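A quick write-up on the structure given underneath.
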Amino acid sequence: ISFGDECLASCADDGSVVFWSISNRFKDSFCELVQLNEEILIDKDEFTKKSKIIESYEDKLKESKIETNFKLRMKELKFNIKKRELKSRFNNQMIDLMDKIETLKIEDKIKMEQFNLDFDEMIAHHMNEYQRLQDLYENKILFEEKKNVQLDFRIENLKQQIELNR
C-alpha cells in the first residue's frame, strides 16, 4: 500500500507487479492493513536477495524433481528388465516342464506297451504250460486206462486159469 493509501501493489508468481487504485470506501479497511504491513515491509535490496534465495530454492526443487524422476525412471527400467528376465525364466521353465511331461508320457506309453507285451508273453507261456500239462494228464489217463484194461484182462485170465485148475 502506498504512503498516501491510494495504491496497492501486488506481485504474481510470474514476476509481474500490478498496481491497484484504492477507492475511498476501502481505504478504512486498508489503513488497518498498512499498520500491520509496515512491520513486514522490506526494501528493494532485501526483496531482491530473498527473491534470489526463492529462485535458488525453486531451482533446487526443480533439480530435485528431475533427479527424483530420473531415479524413478531408472527404478522402473530396472523393474521392467527384472520383469522381462523373470518372464523369460518362467517361460523357459514352462517349456522345460512341458518337455518333461511329453517325455514322461512317451516313457509311460513305452512302459505300458512293454508291460502289455510281457503280459501277453506270460499269458501265452501259461497257456502253453497249461496245454502241455493237460496233454500229459490226458496221456497219463489213457495210459492208466490201458493199464487198467490190461489188468482187467489179466484178472479175467487168472480167474479162468483158477477155474480151470480147480
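The values are calculated or read from the model by the stated rules, or taken from the named source; none is laboratory data. Small disclaimer: the values here were computed from a predicted structure and weren't measured. When we count neighbours, we look across all protein chains shown, and the Cβ atoms used for this are built from the backbone with ideal geometry, even at glycine. Ligands, DNA and RNA are excluded from the accessible area calculation, which covers all protein heavy atoms including side chains. Shrake-Rupley method; radii C 1.70, N 1.55, O 1.52, S 1.80 Å.
Being at pLDDT 95 or above, among the aromatic types (Phe, Trp, Tyr) and assigned to a helix (DSSP H, G or I) narrows it down to one residue among Phe79, Phe153, Phe143; which is it?
Every option except Phe79 fails the conditions.
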- prompt: How many residues are within 17 Å of the chain's Cα centre (by Cα) and open to solvent by less than 100 Å² (accessible area, probe 1.4 Å) when one looks only at the range 65-84?
  reply: 2
Complete set of residues in the range 142-163 that are loosely packed, with under 10 Cβ neighbours inside 10 Å and among the charged types (D, E, K, R): Glu163
